[in-house]
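Here's the structure, in structure tokens; my notes come after.
The values are calculated or read from the model by the stated rules, or taken from the named source; none is laboratory data. Remember, it's a predicted structure, so these values are computed and weren't measured experimentally. Every residue, glycine among them, receives a Cβ derived from its backbone with ideal geometry; neighbour counts consider all protein chains shown. Accessible surface areas use protein heavy atoms only, side chains included; no ligands, DNA or RNA. Shrake-Rupley method; radii C 1.70, N 1.55, O 1.52, S 1.80 Å.
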Amino acid sequence: MRAPAPEDFTSRLHGPALAARVGPALGVCFGICFLTGLLSHYAQQPSQPVPFPPGPAWGYRFTQGLHVVTGTVAVPLLLVKLWTVYPRLFDRPARLDVRHLLVTALERLSVLVLVASAVFMLATGLANSAQWYPWSFSFRTTHYAVAWVAAGSLVLHVGIKLAIVRDELRRPLEHEARPSVLTRRGLLRSTWLAAGVAALATAGQAVPWLREVSVLGVRSGDGPQGLPVNKSAAAAGVTASATAPGWALTVTHGDRSVRLTREDLLALEQRTEDLPIACVEGWSASGTWTGVRVRDLLDRVGAPRGSDVVVRSLQESGPFRTTVLQAGFADDDRTLVALALGGEPLALDHGYPARLIAPNRPGVLQTKWLDRLEVSA
Amino acid sequence: MTARVALGALGVALTAYGGWLLVTRESDLLDVATWLVAGAVLHDAVLVPTVLVLGVVATRWLPWAARGPAAAGLVVLGSVTLLAVPVLGRFGARADNPTLLDRDYTAGWLVLAGLVLAGVVTATLVRSRLGARRVERGSNTRSG
């Protein structure tokens, strides 16, 4: 028994002709995932040198839905791409001089880094979208850091392979009369079909009209008041504090402050806005929210326009217990302290007694079970 | 050539930045390394060899007309099944949140598998008819 060599793989389905055709599509998917991922991380930064814009309201929903759909579509593309180049795994260096060995070793190392980081990104991303965390590292930190590794090794890989891709794409795939299994064209068509099925089977978690066909979507889109829930009141440990009769929202600006009970808030001018909830896990849904404009509340304590607002939740722990609502969002007319959803009082799992809802914002920053809004003087 | 060198340099810089982020911000590096290596090893040493064996079995046992459609079916159903592992296993399901993982994923997968199987059978029948006609006309050429 000896180790396999590249020549042992006789199928015409391996080789640069197919790699050069699937590779660019995969590269585009990874590029979209990388850029939309960077956008999401930036949107979650408390301090932003360039303020994240509050419009279009559907912007975050669109980019993050795209992030998860392209990541999902990348699974069949990556599997087929790796299949086409699999024999290269058993390559042996052509010559034994030091320079050649060193170059070969470095190139193979870069491919190993690319494959490991690419598989890692897709596996952790898919698990996260289903809220499954079978590891002990921080998903957010690691998915972000490894994304740079994957993007970097992909750019390096493109640099190394660009000439081969260009040559291969100039040559049309020749006709194969009677292949033993699949023709090259047949494998390409199967790959595009698999990518399309992967998209259709999952995209309904972000695209409402696909809900019926997305049999593998992480959420059907149903939930209390017609909207899914990311974190329940029970999981956040706020059931008692959120239903306590003495609850009131505190709004402060320096040493000025007001305390408003739910009845007080309901007595203020009510506004209704259609705004999406779009989660970092890629699902999203639109709701009709009614409540008080955040700007109206800030005016009551004399907080000037252009002020960032610190938003505190009743939650006793968790990374998003305290968040910053940047001035651009706080001053936007659509940003509400919502008291009702779809015309009914907010369900407990949607943030009763009051929650924040703003356009074009990550779901984790749409703080539920509000406690305080604070503007420093 | 300049473009390639520039891409290479940019790629190395981005990779190094990612490595630096990982080392400085994440404390559980052993677990990260395990997952990084496990993904590549499972793919190269388990998944691809399994598909290669399936390929050999298919070429031995399946009639010619069924091979192409079966391979196409494997590409579609195999990859979609793999990406659906987190929802099929419902590993992230939580008793306090019935809106998460709230579909019957087994039924959904069975429907998908049924559609793929129907596609494979239909394509096989069409190909065997066409193949038979070609043999009748005596224009059948074997290659590949």
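May I ask you to list the residues in the range A:1-55 that are under 28 Å from A:VAL311 (Cα atoms) and outside any helix (DSSP H, G or I)?
Matches in the range A:1-55: A:GLN44, A:GLN45, A:PRO46, A:SER47, A:GLN48, A:PRO49, A:VAL50, A:PRO51, A:PHE52, A:PRO53, A:PRO54, A:GLY55.
Being assigned to a loop (DSSP other than H, G, I, E, B), of a type outside the set (S, T, N, Q), closer than 26 Å to A:SER313 by Cα and at the interface with another protein chain (Cβ under 9 Å from one of its Cβ atoms), is that true of even one residue in the range A:201-218?
Looking for residues that are assigned to a loop (DSSP other than H, G, I, E, B), of a type outside the set (S, T, N, Q), closer than 26 Å to A:SER313 by Cα and at the interface with another protein chain (Cβ under 9 Å from one of its Cβ atoms), one finds none in the range A:201-218, hence no.
Among (1) modelled with pLDDT under 95; (2) facing chain A (nearest Cβ under 8 Å); (3) open to solvent by less than 30 Å² (accessible area, probe 1.4 Å), where does B:ARG142 come up short?
(3)
Let me confirm something: among A:ARG166, A:ARG140, A:ARG219, which residue is basic (Lys, Arg), over 29 Å from A:ARG61 (Cβ atoms) and either at pLDDT 95 or above or not assigned by TED's automatic domain parsing to the domain that holds A:THR288 (or both)?
A:ARG166
Given the residues B:ALA58, B:ALA33, B:ALA40, B:ALA107, which is the only one that is modelled with pLDDT of 95 or more and either under 18 Å from the mean Cα position of the chain (by Cα) or not in a helix (DSSP H, G or I) (or both)?
B:ALA40
Only one of A:ARG95, A:ARG61, A:ARG88 is in contact (Cβ under 8 Å) with a residue 24 or more places away in the chain and either within 16 Å of the chain's Cα centre (by Cα) or outside any helix (DSSP H, G or I) (or both); which?
On inspection, the qualifying residue turns out to be A:ARG61.
Across the range B:3-42, what is the number of residues that are among the aromatic types (Phe, Trp, Tyr) and surrounded by 14 or more Cβ atoms within 10 Å (Cβ to Cβ)?
To start, the set of residues in the range B:3-42 that are among the aromatic types (Phe, Trp, Tyr) comprises B:17, B:20, B:35.
Checking the rest, the ones that are also surrounded by 14 or more Cβ atoms within 10 Å (Cβ to Cβ) come to B:17, B:35.
Looking only at that region, the number is 2.
In the set A:ARG259, A:ARG184, which member is within 30 Å of A:ARG300 (Cβ to Cβ) and either out of contact with any Gly (no Cβ under 9 Å at 6 or more places or on another chain) or in contact (Cβ under 8 Å) with a residue 24 or more places away in the chain (or both)?
Only one candidate passes the filter, namely A:ARG259.
Only one of B:VAL87, B:VAL116 is over 30 Å from B:ALA65 (Cβ atoms), in a helix (DSSP H, G or I), open to solvent by less than 40 Å² (accessible area, probe 1.4 Å) and at pLDDT 95 or above. Can you tell me which?
Working: B:VAL116 fails: over 30 Å from B:ALA65 (Cβ atoms).
Going through B:VAL87, B:VAL116 in turn, the sole match is B:VAL87.
Hey, among the residues in the range A:227-242 that are open to solvent by less than 50 Å² (accessible area, probe 1.4 Å) and in a helix (DSSP H, G or I), which one's farthest from the other protein chains (Cβ to nearest Cβ)?
It comes out as A:SER241.
Quick one: A:CYS279 ticks every box in (1) under 27 Å from the mean Cα position of the chain (by Cα); (2) under 28 Å from A:PRO208 (Cα atoms); (3) at pLDDT 95 or above; (4) open to solvent by less than 10 Å² (accessible area, probe 1.4 Å) bar one, so which box is it?
So the condition that A:CYS279 fails would be (3).
Residues of the range A:243-268 being open to solvent by 60 Å² or more (accessible area, probe 1.4 Å), among the hydroxyl-bearing types (Ser, Thr, Tyr) and more than 35 Å from the chain's Cα centre (by Cα), which ones?
A:SER257
Looking at the range A:169-211, which of its residues are of a type outside the set (A, V, I, L, M, F, W, C) and either touching a strand residue (DSSP E or B) at 6+ places or on another chain (Cβ under 7 Å) or modelled with pLDDT under 90 (or both)?
A:GLU174, A:HIS175, A:GLU176, A:ARG178, A:PRO179, A:SER180, listed by residue number.
State which residue is surrounded by the most Cβ atoms within 10 Å (Cβ to Cβ) when the search covers only the range A:296-346 and only residues that are at positive phi and modelled with pLDDT of 95 or more.
Among those that are at positive phi and modelled with pLDDT of 95 or more, it is A:GLY342.
Which ones in the range A:146-188 are part of a loop (DSSP other than H, G, I, E, B) and within 9 Å of chain B (Cβ to nearest Cβ)? Steps first, please.
To start, the set of residues in the range A:146-188 that are part of a loop (DSSP other than H, G, I, E, B) comprises A:171-183.
Correct list: A:GLU176, A:ALA177, A:ARG178, A:PRO179, A:SER180, A:VAL181, A:LEU182, A:THR183.
So that you can scan it fast, the table gives a plain yes or no per residue for (1) open to solvent by 50 Å² or more (accessible area, probe 1.4 Å); (2) farther than 30 Å from A:TRP132 by Cβ; (3) at the interface with chain A (Cβ under 7 Å from one of its Cβ atoms):
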{"residue": "B:ASP44", "(1), (2), (3)": "no, no, yes"}
{"residue": "B:GLY78", "(1), (2), (3)": "no, no, no"}
{"residue": "B:LEU101", "(1), (2), (3)": "no, no, yes"}
{"residue": "B:LEU110", "(1), (2), (3)": "yes, no, no"}
